[in-house]
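Here's the structure we're looking at; comments come further down.
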Amino acid sequence: MTIAPPRVLTVAGSDSGGGAGIQADLKTMHAFGVHGMSVVTAVTAQDSTGVHGYWELDPEAVDAQLAAVLSDIGVDAVKTGMLASPALVGVTVKRLADLSAPIVVDPVCVSKHGDPLLVPEAIEAIRTELIPLASVVTPNLPEVAELTGHAVDDTAGQRRAAEALLAMGARWALVKGGHLNGDAIDLLTDGDTVMEFAASRLDNRHTHGTGCTLASAIAAGLALGHTVPEAVGAAKEYVTGAIAAGYPLGAGIGPVDHAWRQR
């Protein structure tokens, strides 16, 4: 009998342009050989130039999706993304609170183009309710500033911000350095171990979906049985390759190439 692959659930918004959100998550999970599942929290009208609108799903609809997947199929890891309101954070936290599977929290606040993807009140809910469940939390620098109040402009600032995230209850914090000058250095720590994952800055503006892709790749690695540092290292390598192969679509910022290993 064929054995099912590890099961990874994404709880996130839909990107109509296909580069980020649920679409990027499922492409990434497929590339890592796990079974991807999705709970859609919002629908965005999105293309290469920006987010032109978003519509949250009713919390009851999100809760029903979570209940269906968790009660029947089960999960080996979960990744959360766009949770645009305190109510959506609340129903997600209620369903995930008793899971033994690892949870990767990508605290999505704004799109690649700078468009807000949540109401301000949701930030507090993410900070106080969701991050305490996180096996790994993966903010970029604008997101970490929103969550912790720490504006980061160097690796020392990344360490301070990571410590603030750990104080909120996350087991590991990965503070991404893509917005810094120079090499793209992501700092990972659990408070004892500190690791840096570096990649050369690539001359490619087509980077839509990097955050979703990285978090989903980490979740896939954890579902496959890797440690957090191993999963982050493999995810960083995958995303770096996907950025290098990113391609133009439309008039704005194109997506990373989730299938770069197959091309």
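The values are calculated or read from the model by the stated rules, or taken from the named source; none is laboratory data. Keep in mind that this is a model prediction, so the values were computed, not measured. Virtual Cβ from ideal backbone geometry, glycine too; neighbours counted across all protein chains shown.
General remarks:
- Among the residues of region 66-111, the ones that are not basic (Lys, Arg) and not in a loop (DSSP other than H, G, I, E, B) come to 24 in all.
- Each residue in region 167-179 was checked for being surrounded by fewer than 18 Cβ atoms within 10 Å (Cβ to Cβ) and at pLDDT below 95, and 2 pass.
- Cβ-Cβ under 9 Å pairs, at least 6 apart or on other chains, region 50-73 side touching a residue at least 40 places away in the same chain (Cβ under 8 Å), far side of a type in the set (Ser, Thr, Tyr) and in a strand (DSSP E or B): 51/44; 54/44; 62/41; 69/38
- Residue 235 being free of Cβ contacts under 8 Å to residues at least 24 places away in the same chain and part of a strand (DSSP E or B): no
- Residue 242, sole failed condition from (1) in contact (Cβ under 8 Å) with a residue 40 or more places away in the chain; (2) surrounded by 20 or more Cβ atoms within 10 Å (Cβ to Cβ); (3) in contact with a helix residue (DSSP H, G or I) (Cβ under 8 Å, 6 or more places away or on another chain): (1)
- Among the residues of region 232-263, the one identified as acidic (Asp, Glu) and more than 24 Å from residue 187 (Cβ to Cβ) is 257.
- For region 22-75, filtered to residues that are modelled with pLDDT of 95 or more and aromatic (Phe, Trp, Tyr), the residue that is nearest to residue 216 (Cα to Cα) is 32.
- Close pairs (6 angstrom Cβ cut-off, 6 or more residues apart or separate chains): touching a residue at least 24 places away in the same chain (Cβ under 8 Å) and over 18 Å from residue 105 (Cβ atoms) in region 142-169, assigned to a loop (DSSP other than H, G, I, E, B) and of a type in the set (Ser, Thr, Tyr) anywhere: none
- Taking (1) more than 25 Å from residue 207 (Cβ to Cβ); (2) in a loop (DSSP other than H, G, I, E, B) in turn, residue 114 satisfies each apart from (1).
- Criterion violated by residue 247 - all others in (1) more than 17 Å from residue 113 (Cα to Cα); (2) surrounded by fewer than 20 Cβ atoms within 10 Å (Cβ to Cβ); (3) at pLDDT 95 or above satisfied: (1)
- Restricting region 145-166 to residues that are within 21 Å of residue 227 (Cα to Cα) and at pLDDT 95 or above, the residue that is surrounded by the fewest Cβ atoms within 10 Å (Cβ to Cβ): 163
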